[in-house]
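Structure first, then comments.
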Amino acid sequence: MRILLIGLPGAGKGTQAGRLAAHLSIPHISTGDLFREHIDQGTELGQNAHTHIQAGLLVPDEVTIGVFEERLVRPDTERGFLLDGFPRSLAQAHALDGILAGSGTRLDAVLDLEIPEGQVVRRIAGRRLCRQGREHIFHIDFSPPEVAGVCDLCGGELYQREDDREATVRKRLEVYRSETAPVVDHYQAQGLVTTISAHGRVQEVLSRALDAIGQGQTDATGMSS
Ligand code: ADP
């Protein structure tokens with residue numbers, strides 16, 4: 001399956017994308033993660049991306065599409081993929097559609113993870129990530145680790161993303177409204193979008209997402225992690 005997960009920052013895309021991808025045995029492709037890898041490795045692309053990310057802005061389309069294409073050509077994407085954070089602008093959506101059409105495929109579904117804007121800042125400000133596992137995500141109030149600052153899953157150090165500060169989050173919200181909301185409209189016009197409430201426990205949201213792509217109920221049993 002070829003699935004796109006979209007939604008406001010803080011809606012829980014990364015958390016859900018990791019679980020959905022594992023459940024469906026397809027790779028989880030996050031342009032945010034790809035940029036953070038470049039930043040950690042100190043590449044030129046990473047340095048360029050960093051200035052935009054820090055400011056809460058989108059990394060320019062050309063750079064982002066390049067990073068995405070480089071990931072997409074890896075053989076693990078042949079059976080499908082779960083996109084998280086790409087496309088985030090209409091130009092990126094058109095590029096994606098063109099790339100997929102070129103290989104005779106298209107997206108199967110777009111899941112729009114919905115939370116009220118008023119909840120975004122609190123969700124993001126409390127978010128803590130693990131230095132060792134990109135899908136080990138905690139929240140100081142909603143899903144705190146047993147020991148503050150330490151990942152329950154692997155013992156790695158937890159940290160706060162620098163673009164998760166309040167002023168940057170507000171900028172990211174603005175950018176979502178102007179640049180990314182049109183992407184939802186674009187796929188809505190193709191009848192691909194299902195809106196899913198991001199309210200509630202991680203497991204509940206996951207069940208809704210699985211239902212939306214016809215993989216719910218029996219498939220969802222045993223997913224207690
Ligand atoms: P979130 O979903 O929490 O906003 P991500 O980890 O997906 O965060 O992305 C972090 C930042 O990386 C974004 O705010 C943006 O600056 C940059 N970025 C990620 N994906 C894209 C994209 N498709 N186009 C442009 N910039 C991107």
Problem set entry | Helix-only CD estimate at 222 nm, as mean residue ellipticity for the chain, using -39500 (n - 2.57) per DSSP H run (n ≥ 4) | -12500 deg cm²/dmol
Seminar exercise, completed: Projected onto the charge dipole of the chain (unit charges on the beta-carbon of Lys, Arg, Asp and Glu, signs +1, +1, -1, -1), the Cα from Ala49, Gly200, His38 with the largest positive-side position is that of Gly200
Problem set entry | Residue (of Leu129, Ala91, His139) at the positive-pole extreme of region 34-174, dipole from beta-carbon charges | His139
Problem set entry | Solitary cysteines of the chain, where the nearest other Cys Cβ is not under 4.7 Å | Cys154
Problem set entry | Kirkwood Rh (inverse of mean 1/r, distinct Cα pairs), region 102-175, angstrom | 14.3 Å
Exercise. Sorted by packing (mean other beta-carbon atoms within 10 Å per residue), highest first, where do 143-150, 46-53 land?
Worked result: 46-53, 143-150
Problem set entry | Cβ-placed point charges (K, R +1; D, E -1), dipole of region 72-203 about Cα centre in debye, nearest 20 | 180 debye
Exercise. Per the Debye formula with a single identical scatterer at each Cα and no solvent contribution, what log10 I(q)/I(0) holds for region 51-142 at q = 0.20, 0.23 Å⁻¹?
Worked result: -1.22, -1.31
Seminar exercise, completed: Among the DSSP H helices of the chain, those whose Cα atoms extend at least 30 Å along the helix axis and whose mean Kyte-Doolittle hydropathy is 1.6 or higher are none
Problem set entry | Per residue Cα convex hull volume in Å³ - calculated over the chain | 123 Å³
Exercise. Out of region 72-113, which trypsin sites (Lys or Arg not before Pro) are coil in DSSP terms and have no more than 14 other C-beta atoms within 10 Å?
Worked result: Arg79, Arg106
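Rule-based calculations on the coordinates, nothing more; no lab input. Every value quoted in this text rests on a predicted model; they were computed, and no experiment measured them. Because the Cβ atoms are built from the backbone with ideal geometry, glycine has one as well, and the counts that use them run over all protein chains shown.
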